[in-house]
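So the structure is just underneath, and the comments pick up after that.
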Amino acid sequence: MEKAWKTIIEPFKIKVVEPLAFTTRAERERVLRAADWNLFKVPADKVLIDLLTDSGTSAMSAEQWSALMRGDESYAGARSFFVFEKAVRDLTGLRHVMPMHQGRAAERILFKVAGGPGKVFLSNSHFDTTRANVEASGAEAIDLPVPEALDFGTPAPFKGDIDLRALEAKIRALGAERVAMIIMTLTNNSLGGQPVSLGNLRAAREISRHYKIPLFLDVARFAENSWFVKLREPGQSTRSPEEIAKETFSYCDGCWMSSKKDAFVNMGGFLALNDDALAQACRDEMILGEGFPTYGGLAGRDLEALAVGLREALDEHYLRYRVRSVEYLGEGLRKNGVPIVEPPGGHAVYLDARRLLPHIPPTGFAAQALACELYLTAGVRGVEIGALMFGKRGADGAPKAAPMELVRLAIPRRAYTQSHVDFLIEVVSDAASRAKEIRPLRLIEAPSRLGHFSARLEPAAA
Ligand code: F0G
C-alpha cells in the first residue's frame, strides 16, 4: 500500500513562468477611479492575482502545447477535427459533435433552434450567458435550485441539485409541450460552484423521459463535478472520475461545454447531441456565424489541445489537488471569520458580502464594494455576483436588490501555487477585518443586457 501523505502537492512542475504585476496603493486607487469602480475595466497588468474567472486562464500542459503543433488547418475535414470528435464522443457517448469557439456560441445556436417565444427552459440554475441567450431567443429561463442552495452558511454535499418536486410541478403547470429543455449545469456556477449528484441527475432524467422533454447538460466543469461525486456520493468512492463522468453523460440528450474551464484551453468549446434533425438545424446556424462544421470558429490546433485537455481533466492526481486547493482557501478564510458560501465550490470560493457588510443597504452593491476593496488592498481581482450582474431594474429604472451579494474568487487551473493561496487568505482576511469601513456604491449607468461588463459606478455619498 502506498502511504497516503498528508500534504497534497501541485501534481506538476513549472517549465514556463510569467511575472506578476506589482502596483502601489496610490496606483490602484487611480486605476479603480479610471475604471469607474468596475473591475472588468481594470487592465490585467494592474492586477496582482487575477481571480476574475477560471475561464480561459488555465495553464496548458506540455502535452497540450505539443498537440498544437499537430494541428491540421484544412478548411474542411481536417484531421484535427476527427481527433477532437473522437475525444468528445468517447467521453460523452453523443453522436453529433460540433466545435464552438466558446460555451455561449453553443448556447446561442442551440437556443435559437430550440427556444423562441412561448418556450420555457428549466434548470438547477442558468449561468448568466445561458440565461441571456435563452431570453434573447424570446424564451423564458427559470431556475429551480434545491432550497439548501440558497442557505449559504450551511454546508450540504450536493447543493447543485435541481429541486425535483418543483421541476415536476412546473412542468405540470406549464404543460410539457412548452418546456423546451431541462438544463443541468455541472457544477452550478451561479450558486457557489456546487456539484450535482448522480442520484439527482438520474431522477431528473426520469422526469425528462416521462414528459418527453430533452435533458441537456452544461458541462463547463464536469470533471470537478465527477470528483465531488466520488468524494461525497454513497457508493461512488471506488470508481474513477472517468467512469463517473461517463455515467453523467449517459443521462442526457445533449450537452455543451465551455472548454475554457475543465479542459484547460484558452479558447474553445463544443455542442454535442444525438437528435439528427436538431443537429442539422444547429449546423445550419453554425455556418452562419461560427464556421464550417469541422472547425466551428476554432483553429485545427485548438481542437487538438482541447482533445488532450478533456483527458487531463479527469486525472485523479490533478482533481485531488484541484478541489483540495480551493477547499484550503475556503478553510483559511473561514478560520479567520470571513463568511463564505459553504462548502467551497470546485473552481471558486464565494464570499458572502451580505453577511460581511450588513451596514450596506440591499441596493448598495455590497459585493461589488467588497470586490473593489480586495483590489485596493493588494491588487486581487474577483468578480461580483449580485445586483450588478443580475442587472434588474424597478419600474422607476432604479437598480433592484438581488437575491444574493457574493464575490467569487475563481481559481485558474494549474496557474497559481499554494503560496499564492496563503497570500490570498491573508489579503481577503485583512480586507474583511475592515468591513465596517467599506462604503456602498452607486450605479451611474449600465446597458440592459449583461450590463455588469461595462457598468459605471462610484462611491455613494456618505
Ligand atoms: N456555462 C457555464 C456554467 C459557465 O460558467 C460559462 C462561462 C458559460 C456557460 C459560457 O461559456 O464563457 O465559454 O462563453 N463562465 C465564465 C465564468 C465566463 O467566469 O464563470 P463561455
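The values are calculated or read from the model by the stated rules, or taken from the named source; none is laboratory data. Computed from a predicted structure; not experimentally measured. All Cβ positions, glycine included, derive from the backbone under ideal geometry; neighbour counts span all protein chains shown. Areas reflect the complete protein model, heavy atoms only, side chains present, ligands, DNA and RNA absent. Shrake-Rupley method; radii C 1.70, N 1.55, O 1.52, S 1.80 Å.
Evaluate the following for residue 230: is it among the charged types (D, E, K, R), open to solvent by 10 Å² or more (accessible area, probe 1.4 Å) and either out of contact with any Lys or Arg (no Cβ under 7 Å at 6 or more places or on another chain) or not in a helix (DSSP H, G or I) (or both)?
Numbers: among the charged types (D, E, K, R): yes; open to solvent by 10 Å² or more (accessible area, probe 1.4 Å): yes; either out of contact with any Lys or Arg (no Cβ under 7 Å at 6 or more places or on another chain) or not in a helix (DSSP H, G or I) (or both): no.
Considered against the rule, which asks whether it is among the charged types (D, E, K, R), open to solvent by 10 Å² or more (accessible area, probe 1.4 Å) and either out of contact with any Lys or Arg (no Cβ under 7 Å at 6 or more places or on another chain) or not in a helix (DSSP H, G or I) (or both), residue 230 comes out as no.
Only one residue in 443, 450 is at pLDDT below 95 and open to solvent by 50 Å² or more (accessible area, probe 1.4 Å). Which one? Lay out the reasoning, then the answer.
Details: 443 fails: open to solvent by 50 Å² or more (accessible area, probe 1.4 Å).
One residue alone meets the criteria, 450.
Which numbered condition in (1) more than 15 Å from the ligand (Cβ to nearest atom); (2) not in a loop (DSSP other than H, G, I, E, B) is the only one that residue 110 fails?
(1)
Do you know which of the residues in region 136-193 that are part of a strand (DSSP E or B) and of a type outside the set (Val, Ile, Thr) is surrounded by the most Cβ atoms within 10 Å (Cβ to Cβ)? Walk me through how you get there before you give the answer.
Quick first cut of region 136-193, residues part of a strand (DSSP E or B) only: 140-143, 145, 162, 179-185, 188.
Adding the requirement that they be of a type outside the set (Val, Ile, Thr) leaves 140-141, 143, 145, 180-181, 184, 188.
Numbers: 140: 18, 141: 21, 143: 21, 145: 22, 180: 24, 181: 22, 184: 28, 188: 31.
Selected residue: 188.
Would a scan of region 32-47 turn up a residue that is under 29 Å from residue 313 (Cβ atoms) and touching a Phe, Trp or Tyr at 6+ places or on another chain (Cβ under 7 Å)?
Checked against the condition, which is being under 29 Å from residue 313 (Cβ atoms) and touching a Phe, Trp or Tyr at 6+ places or on another chain (Cβ under 7 Å), region 32-47 yields at least one hit.
Quickly run through region 55-96 and pick out the residues that are aliphatic (A, V, I, L, M) and outside any helix (DSSP H, G or I). First the steps, then the outcome.
So in region 55-96, the residues aliphatic (A, V, I, L, M) come out as 59-60, 62, 67-69, 76, 78, 83, 87-88, 91, 94.
59, 60, 76, 78, 94, listed by residue number.
Can you tell me which residue within region 117-126, out of those that are surrounded by 21 or more Cβ atoms within 10 Å (Cβ to Cβ) and hydrophobic (A, V, I, L, M, F, W, C), is nearest to residue 192 (Cα to Cα)?
Residues of region 117-126 that are surrounded by 21 or more Cβ atoms within 10 Å (Cβ to Cβ), as a first pass: 121-126.
This time we only want the ones that are hydrophobic (A, V, I, L, M, F, W, C), so: 121-122.
Details: 121: 21, 122: 19 Å.
So the residue we want is 122.
Within the bounds of region 7-29, is there any residue that is crowded, with 19+ Cβ neighbours inside 10 Å and touching a residue at least 60 places away in the same chain (Cβ under 8 Å)?
First, pick out the residues of region 7-29 that are crowded, with 19+ Cβ neighbours inside 10 Å: 28.
If we keep only those that are touching a residue at least 60 places away in the same chain (Cβ under 8 Å) as well, we get 28.
Yes, that holds for at least one residue.
Quick one: would you say residue 233 is free of Cβ contacts under 8 Å to residues at least 24 places away in the same chain and away from the ligand (no atom under 12 Å from the Cβ)?
Numbers: free of Cβ contacts under 8 Å to residues at least 24 places away in the same chain: no; away from the ligand (no atom under 12 Å from the Cβ): yes.
Here the answer is no, as residue 233 does not meet what is asked.
List the residue pairs whose Cβ atoms are under 6 Å apart, where the first residue sits in region 359-378 and is assigned by TED's automatic domain parsing to the domain that holds residue 408, the second is modelled with pLDDT under 95, and the two are 6 or more positions apart or on different chains.
Close Cβ pairs satisfying both conditions: 362/401; 363/399; 363/401; 365/387; 365/388; 367/386; 368/388.
Which one of these is open to solvent by less than 10 Å² (accessible area, probe 1.4 Å) and touching a residue at least 24 places away in the same chain (Cβ under 8 Å): 105, 76, 59?
Numbers: 76 fails: open to solvent by less than 10 Å² (accessible area, probe 1.4 Å); 59 fails: open to solvent by less than 10 Å² (accessible area, probe 1.4 Å).
Just one listed residue meets the conditions, 105.
Of all residues in region 398-417 being aliphatic (A, V, I, L, M), within 22 Å of residue 441 (Cβ to Cβ) and assigned to a loop (DSSP other than H, G, I, E, B), which is nearest to the chain's Cα centre (by Cα)?
The first filter runs over region 398-417 and keeps only residues aliphatic (A, V, I, L, M), leaving 398, 401-402, 404, 406-407, 409-411, 415.
Adding the requirement that they be within 22 Å of residue 441 (Cβ to Cβ) leaves 398, 401-402, 404, 406-407, 409-410.
This time we only want the ones that are assigned to a loop (DSSP other than H, G, I, E, B), so: 398, 401-402, 404.
Details: 398: 28, 401: 23, 402: 19, 404: 17 Å.
Of everything passing the filter in region 398-417, 404 is nearest to the chain's Cα centre (by Cα).
Being assigned to a loop (DSSP other than H, G, I, E, B), among the acidic types (Asp, Glu) and either more than 20 Å from the chain's Cα centre (by Cα) or within 16 Å of the ligand (Cβ to nearest atom) (or both), is that true of even one residue in region 387-397? Show your work before the answer.
Keep residues of region 387-397 that are assigned to a loop (DSSP other than H, G, I, E, B), which gives 391-392, 394-397.
Filter once more, keeping what is among the acidic types (Asp, Glu): 396.
Still in the running and either more than 20 Å from the chain's Cα centre (by Cα) or within 16 Å of the ligand (Cβ to nearest atom) (or both): 396.
Looking through region 387-397, at least one residue is assigned to a loop (DSSP other than H, G, I, E, B), among the acidic types (Asp, Glu) and either more than 20 Å from the chain's Cα centre (by Cα) or within 16 Å of the ligand (Cβ to nearest atom) (or both).
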